[in-house]
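Quick note: the coordinates plus some simple rules give every number you see, no bench work behind them. As the structure is a computational prediction, the values presented were derived from the model and not from experiment. As a convention, Cβ positions derive from the backbone with ideal geometry for all residues, glycine included, and neighbour counts pool all protein chains shown.
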Amino acid sequence: MNSMSLKIRFLADGMLGKLTRWLRMLGYDVEYIRDSPDEKLVERAEKERRVLLTSDLHLYRRALRRGIRAHLVEGRKEAEKIAGMAGRFKLKLKINPESSLCPRCNSPLREAEASVLRSLIPASVLRKHQKFWVCTNSECGKVYWKGSHWNEIDKILEEARSYLRKNLRVKP
C-alpha cells in the first residue's frame, strides 16, 4: 500500500459510491456507508479517525462543528470530484494495481496466476490478458485485469489531472 493510504483514511456517505471506487483503485482506504443517519456518520468518522467525505453541505458543516475532519465533495463530473480530492489531500492520480484496494469491498488485492482463475473468468479474457489481481477478501474474491475499460480509466484520470493544472494550479 502506498504511504498516503496508510495515513489518510476516508469515510464516504451514500452519495459518493463512484468516488469511493475511484479512491480505492488509487490505493486509498475508504469506508462507504450507504444508508446511515448523519449523526452515525459523524460518530464513526470521529471514532475511526477518518476524513468524512460528503456532498451534503449540512452534514459537512455538522462534522466541522464537532471537530471532525471533513471534505465537501464538489463537481458534476467524476474527474472534477477526483481532482478536488487530489488537490485537497495531495493524492496521486495514478493507479497501481499492486497498491490498489478492491473497488467493491476496500480489501487489498494480490496478483494471481491465470491458471488459478480459469473457472472465474471468461476464456476470451484469459487469451487476451496475462496479469490478474484478485481481492483478498474471501467473501468478495472479485478478479480484476486491465481490460478495454482501462482506456476510459486513464482518460478520466487525465481529465482530473488536467482539471487540477487548469483550475487549482496544483501539480498532480
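Using a/c under 1.5 as the rounded threshold, could you call the range 89-149 rounded, prolate or oblate? The axes a ≥ b ≥ c are square roots of the C-alpha gyration tensor eigenvalues, and prolate needs a/b larger than b/c, oblate otherwise. Display every interim value, and only then the final one.
Details: a/c = 2.46, a/b = 1.50, b/c = 1.64.
It comes out oblate by the Cα gyration axes.
Classify the range 1-149 as rounded, prolate or oblate from the Cα gyration tensor: take a ≥ b ≥ c as the square roots of its eigenvalues, call it rounded if a/c is under 1.5, otherwise prolate when a/b beats b/c and oblate if not.
Working: a/c = 2.39, a/b = 2.10, b/c = 1.14.
The shape class here is prolate.
What whole number of Å gives the distance from the Cα centroid of the range 1-70 to the Cα centroid of the range 100-144?
With the range 100-144 and the range 1-70 each reduced to a Cα centre, they are spaced 27 Å.
Excluding residues on the same chain fewer than 8 positions from Lys155, give the lysines whose Cα lies under 23 Å from its Cα.
Hits, sequence-local ones excluded: Lys18, Lys77, Lys81, Lys90, Lys92, Lys94, Lys128, Lys131, Lys146, Lys166, Lys171.
So, counting K/R as plus one and D/E as minus one, what does the shell of residues with Cβ under 9 Å around Trp22 add up to? Intermediate results must be reported in sequence, preceding the final value.
Details: positive: Lys18, Arg21, Arg24, Lys81; negative: Glu78.
Neighbour charge sum, excluding Trp22 itself: +3.
Defining a contact as two alpha carbons under 8 Å apart and six or more residues distant in sequence, what relative contact order in percent does the chain show?
Numbers: 279 pairs, mean separation 34.8, N = 172.
Rounded, it is 20 percent for the chain.
Taking +1 at the Cβ of each Lys and Arg and -1 at the Cβ of each Asp and Glu, which of Leu126, Leu157, Leu109 sits farthest along the dipole of the range 84-172 towards its positive end, judged by Cα position relative to the Cα centre?
So the residue furthest toward the plus end is Leu157.
Give me the dipole magnitude in Debye, nearest 20, for the chain about the Cα centre, with unit charges on the beta carbon: positive for Lys and Arg, negative for Asp and Glu. If you can, show how the numbers build up before the last one.
Details: 37 positive and 21 negative charges, 117 e Å.
It works out to roughly 560 debye.
Can you give the % of DSSP beta bridges in the chain that are antiparallel, to the nearest 5?
About 40 percent, rounded to the nearest 5.
Report the residue, chosen from Asn151, Asn96, Asn106, that carries the largest GNM mean-square fluctuation when the chain is represented by alpha-carbon nodes joined by springs under 10 Å.
Largest GNM mean-square fluctuation: Asn151.
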